[in-house]
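Derivation of every value follows stated rules applied to the coordinates shown; laboratory data play no part. The structure displayed is predicted, hence computed values, not measured ones. Cβ sites come from the backbone with ideal geometry, for glycine too, and all protein chains shown count toward neighbours.
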Amino acid sequence: MMDISSFLLFWAAIFTSNILLTNFLGMCSYLSVSREVESSLGLGVAVTFVLTFTTALNWLAYYYVLVPLNIVYLQYIVFIIVIAAFVQLLELLLERYVPALYYTLGIFLPLITVNCAIFGVSLFMVIRNYNFLQSIAFGAGSGLGWLLAILMLAGIRSRLKEKLIPAGLQGAGIILIITGILALAFIGFSGVAPIQ
Amino acid sequence: MKATTQELKVTARMQPGIITLSGFLGDDTRPLNEIVADDAATLARLERSAEEIAQRMQYFTDESWNTYLGGVLLDDKYQVETEVYRGKLPCPYVHPGVFRKAITRLTNSANGISVAWTALSIHLIAEHGFFEGRGSAFRLDPEILVKALWD
Amino acid sequence: MILVILKDIAVLAGLSGALALLLVLAQSILNNYGECKININGKRDLTVKGGNNLLASLSDKAVFLPSACGGRGSCGACKCKVFSGGGPLLPTEKPFLSQAEIAAGVRLSCQIKVKTDIAIEIPESVYNIRKYSATISEIIDYTYDIKGITFMLEQGDSIDFKAGQYVQLLTEPYGKVRQRVSRAYSVSSKPEDRDRIQLIIRLVPEGICTTWVHTQLKVGDKVSFTGPYGDFFMRDTAADIIFVAGGSGKAPIKSMLEHLQLVGTSRKMTYFFGARTLRDLYLTQEMKAFEQVFPDFRYEPVLSQPQPTDEWHGKTGYVMPYFKEVLRDPQNTEAYLCGSPGMIDAVTKALLELGLSKDKIYFDSFG
């Protein structure tokens with residue numbers, strides 16, 4: 001068990017160990033959806049929702065099913081199955097109650113399933129031996145950290161629209177450079193709150 | 001290159017009997033992206049862009065639009081006529097918009113080449129770089145098309 | 001060892017099964033919208049099973065909104081006003097709606113999912129649209145590419161339409177064509193013949209429906225169609241009329257003239273039929289016969305490219321130069337045009353130059 005309060009872990013997951021800018025997980029949809037601020041916000045909230053619940057569910061699955069039955073080696077498969085089922089459930093809920101967001105996100109909603117940040121957070125939770133409360137805090141914090149990162153990039157991209165960028169760097173080139181600079185900024189936080 | 005789901009959807013819409021009678025692919029067995037790529041290579045060799053070609057086609061269609069019951073002779077060598085039928089067709093690439101069934105027939109008396117295209121052909125070339133599959137009813141071979149439009 | 005493996009597989013299967021069951025349950029609860037009421041024009045209520053789009057739900061209950069793309073969101077023809085229950089405006093609808101339309105609550109019915117009770121408004125003419133079953137009783141070859149087909153409605157059934165309106169014919173799969181399509185054709189028979197309709201259908205290169213009509217249909221075949229649609233019909237005034245329609249555009253004019261023959265009229269009318277060569281002319285005798293029926297009617301076929309073998313001694317070129325010969329009072333003249341957009345543009349321009357007012361020029365511009 002890690003000796004760190006859940007509260008501190010929550011904030012650390014957002015800033016000092018940002019899942020995207022520090023660990024570089026969850027890049028694909030981050031790069032594509034950050035075109036528009038509104039859909040970035042929508043996707044970020046969806047990812048946070050998925051992260052919080054799947055981390056909690058996976059913690060329960062790990063400590064109450066996998067460990068007692070001695071099938072810890074199946075954790076990869078089980079975690080992915082839980083994540084996939086949960087994202088499907090989220091899709092059904094969104095289609096019913098928030099259809100505008102459902103259609104705006106389009107293909108990116110089921111793509112949350114294969115967002116490596118989601119899977120990564122569950123694995124981190126196992127490796128670092130978090131307890132249940134810590135896992136929830138870590139999941140929620142990582143989600144908000146991902147949301148923060150994608151919102152920052154969306155904001156920057158909206159300002160980039162009228163700027164002159166050299167032809168070779170247009171598109172993915174300049175986006176990745178910006179992401180790198182954002183990551184550099186966040187490195188300044190490292191060491192503030194050790195969570196592993 | 002493996003076809004994406006989007007391409008598979010578009011290819012399905014290009015089959016005979018979905019939008020037009022014999023479809024847009026003729027008896028071509030190449031996947032869609034290969035057809036577009038091969039024609040793009042021909043275009044590069046001919047040093048003409050798809051947009052240029054589409055603009056030229058649109059020019060001929062516009063000039064012959066109001067001369068609905070006969071043709072018009074342009075530049076002393078292009079005999080063009082456009083015939084419009086009732087109704088509109090959607091583009092096989094899934095996006096909003098429908099196109100009139102306007103068929104333009106052009107004969108270049110300098111080299112004797114005749115080509116025919118529809119309003120949808122112009123859009124397919126301009127927006128999607130698609131000249132239709134070999135053996136399709138309105139297949140426009142870029143080389144022949146360029147010769148007919150400019151030489 | 002085997003037992004351990006089997007146990008592990010069983011646990012995995014059990015877990016997956018439990019999650020799948022959960023999803024099926026969620027699906028049946030969340031996707032089950034129960035029965036929803038669609039209120040039309042404040043008058044009629046339809047009860048439908050929720051979960052389908054509005055266009056399909058309405059057509060299941062025999063209310064047919066116009067659609068050119070079959071509900072795929074490509075054509076924008078299925079607009080209707082939604083007062084309540086339509087949910088938020090979707091990004092797939094925006095390209096087809098103007099700001100004014102959005103403000104008025106106009107939506108694309110093929111994109112709205114019926115999830116709750118919904119109140120809509122559709123024009124009365126659309127409301128009258130029905131689906132009909134008919135049997136082919138006659139096929140006439142008018143020209144090398146035009147056929148006239150008479151469809152008799154089912155015993156006891158009748159159709160109410162105005163001369164000039166059109167129907168959407170539904171095809172059956174044939175040859176390589178595995179799907180059904182629907183295409184628009186003007187009705188060429190008079191509205192007083194309520195037990196049948198005649199359509200004049202011209203073969204379109206690569207056309208799915210016209211090829212079906214020209215190669216598959218025989219007398220005795222059963223077909224379906226929906227209608228009537230359209231706002232191209234004669235206005236009941238005493239003004240002079242100029243008709244201009246070529247090719248299959250003759251259909252609505254034929255319907256109008258046959259109708260006028262029955263109700264009687266003393267209006268001065270001229271019908272200019274523009275065609276290329278002699279073989280494009282048809283129903284010439286019938287049209288010429290109208291000259292004896294009406295007090296002041298002239299049928300003027302005009303050929304733009306007569307062949308020497310045609311031995312044509314009538315009018316040649318385009319129809320526009322002949323208008324001033326028959327124009328008496330431009331302000332008291334109506335024009336009914338049916339044909340390609342190029343023809344409509346050219347003829348409208350000529351008529352406006354001759355002094356007709358724009359709101360008295362009516363046209364059916366082929367889609």
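Considering only A:Gly44, A:Gly145, A:Gly155, the Gaussian network model of chain A with Cα springs below 10 Å gives its largest mean-square fluctuation to A:Gly155.
Here is what passes the span test in chain A: the DSSP H helices with alpha carbon length of 27 Å or more along the helix axis and a Kyte-Doolittle mean of 1.6 or above are A:75-97.
Exposed loop sites are taken as trypsin sites (Lys or Arg not before Pro) in a DSSP loop (any state but H, G, I, E or B) with at most 15 other beta carbon atoms within 10 Å; the longest stretch of chain B without one runs B:3-76. What residues from the range C:257-272 fall in the zone where the backbone N is under 14 Å from a label point 7 Å along the Cα-to-C-beta line of C:Asp329? Answer for the range C:257-272: C:267-268.
For the protein assembly as shown, A:Cys28, A:Cys116, B:Cys91, C:Cys36, C:Cys78, C:Cys80, C:Cys110, C:Cys209, C:Cys338 stand unpaired, since no other cysteine beta carbon lies under 4.7 Å from theirs. Local charge for A:Leu101 was computed over the other residues whose Cβ lies under 13 Å away, with Lys and Arg +1 and Asp and Glu -1, and equals -3. Restricting the range A:88-196 to GluC sites (Glu not before Pro) that sit in a DSSP loop and have at most 14 other Cβ atoms within 10 Å of their own Cβ leaves A:Glu162. A DSSP coil position with no more than 14 other Cβ atoms inside 10 Å describes the following trypsin sites (Lys or Arg not before Pro) in the range C:111-178: C:Lys176, C:Arg178. The count of lysine pairs in the range C:128-229 that are at least 8 places apart or cross chains, and whose C-alpha atoms lie under 21 Å apart, stands at 9. Modelled label positions at C:Ile140 and B:Asp141, each set 7 Å beyond Cα in the direction of Cβ, lie 4.5 nm from each other. Bridges between two residues of chain C, per DSSP, are antiparallel at a rate of about 65%. A simple spin-label model places the labels of C:Val4 and A:Glu162 6.8 nm from each other, with each point 7 Å out along Cα-to-Cβ. Centre-to-centre, using Cα atoms only, the range C:297-367 and the range B:1-51 are separated by 42 Å. With the cut-off at 1.5 for a/c, could you classify the range C:1-134 from its C-alpha gyration tensor as rounded, prolate or oblate? Prolate shape, in that a/c is at least 1.5 and a/b is the bigger ratio. Residue ranges C:307-313, C:259-265 sort as C:259-265, C:307-313 when ordered by packing (mean number of other C-beta atoms within 10 Å per residue, highest first).
If you sort the three axes of the alpha carbon gyration tensor as a ≥ b ≥ c, you get a/c of 1.5 or more for the range A:55-196 and a/b no higher than b/c, which makes it oblate. Under the rule of -39500 (n - 2.57) per DSSP H run of 4 or more residues, summed and divided by the residues of chain C, what mean residue ellipticity at 222 nm is obtained, to the nearest 500 deg cm²/dmol? My calculation for chain C gives -8000 deg cm²/dmol from helical runs alone.
The mean number of Cβ atoms from other chains found within 10 Å of a Cβ in peptide B:77-88 is 6, as a whole number. Sparse packing (at most 14 other Cβ atoms within 10 Å of the Cβ) combined with a DSSP loop state is found for the following trypsin sites (Lys or Arg not before Pro) in the range C:252-351: C:Arg328. Assuming charge only on the beta carbon of Lys and Arg (+1) and of Asp and Glu (-1), the dipole of the range C:240-364 about its Cα centre is about 40 debye to the nearest 20. With the cut-off at 1.5 for a/c, could you classify chain B from its C-alpha gyration tensor as rounded, prolate or oblate? Cα axes put chain B in the oblate bin.
Note on C:300-313: average number of Cβ atoms from other chains within 10 Å of each residue's Cβ is 1.
Taking the longest Cα principal axis of chain C as reference, the axis of helix C:284-293 is set at about 60 degrees.
Per residue, chain B reaches -12000 deg cm²/dmol at 222 nm when only DSSP H runs of four or more residues are counted, each adding -39500 (n - 2.57).
Per-residue mean of foreign Cβ neighbours for C:70-78 is 3 (Cβ atoms of other chains, 10 Å radius).
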